[in-house]
């Protein structure tokens, strides 16, 4: 497997507003970058787009400010660079499992282009899907789509010289960015893949920052219960998403975040979900919060 050198946030550290992430989340980023490079090894156009996006100053600033607003100001989970890469990795994993079973997403199925073009669409929309959080959390999919437009206008011509094809690819990317949220119905398989991949980033590293900032919401506690999310070839369907939990509160994350993205989507028929407590032989849950106290109008952890 290819190494993540030169493509992680640590390798590409820049000066400006930065949100520190837990060590465990940095490891998740390295795994994600390795997974992305593994899939893109056979897709040269998508690989070039990945290299341009992760090293682009505008994109990196978009990630930084989006994450600053989400984490520091709203006390949400990570919505920056590392989250974007994890979403991209999982979208590409699911894409590979689909095409291995002869199931083509819409851009390929309807003659828009080849598998490399499809990978580029999924990669680009996943990496840019949350940059609109820098403007405001409300309507962030819409904000993300118009902030992504100038980036795509600059970078896509580096790969495509056919204007019609470039604009069609841009349209699929913008659609997937806009429709990644559960409140916006998916009408393309690409938007469903990105939205579901977004929901699979639910491991405890993702909940750690908001927890350390004092958030005791069920979203954070549930995320801290998730030890691992595995995208695997299913036994009955092309894709099985396996969620390993240390605490049964993780069920909230599975049902309310992941389930809502899958139900009614164009790829619902192709996905199974299995959520299980680990180790399975143990008959008690791991403690996440031992005590909370009300301070003003906010519940916080600790004495």
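Things to note:
- Of the residues screened, residue 134 is not one that is surrounded by fewer than 19 Cβ atoms within 10 Å (Cβ to Cβ) and assigned by TED's automatic domain parsing to the domain that holds residue 184.
- Scope segment 174-191; condition touching a helix residue (DSSP H, G or I) at 6+ places or on another chain (Cβ under 7 Å) and not in a helix (DSSP H, G or I); matching residues: 179, 180, 181, 182, 184, 186, 188
- Test: residue in segment 96-117 that is in contact (Cβ under 8 Å) with a residue 40 or more places away in the chain, within 17 Å of the chain's Cα centre (by Cα), under 21 Å from residue 9 (Cβ atoms) and not assigned by TED's automatic domain parsing to the domain that holds residue 224: no
- Subset of segment 255-290 [closer than 17 Å to residue 231 by Cα, in contact with a helix residue (DSSP H, G or I) (Cβ under 8 Å, 6 or more places away or on another chain) and at pLDDT 90 or above]: 261, 262, 267, 268, 270, 271, 273
- Of all residues in segment 225-253, exactly one satisfies the criterion of being buried (at least 22 other Cβ atoms within 10 Å of the Cβ), closer than 19 Å to residue 195 by Cβ and without any contact (Cβ under 8 Å) to a residue 40 or more places away in the chain, namely 226.
The values are calculated or read from the model by the stated rules, or taken from the named source; none is laboratory data. Not measured: the values here are computed from a predicted model. Because the Cβ atoms are built from the backbone with ideal geometry, glycine has one as well, and the counts that use them run over all protein chains shown.
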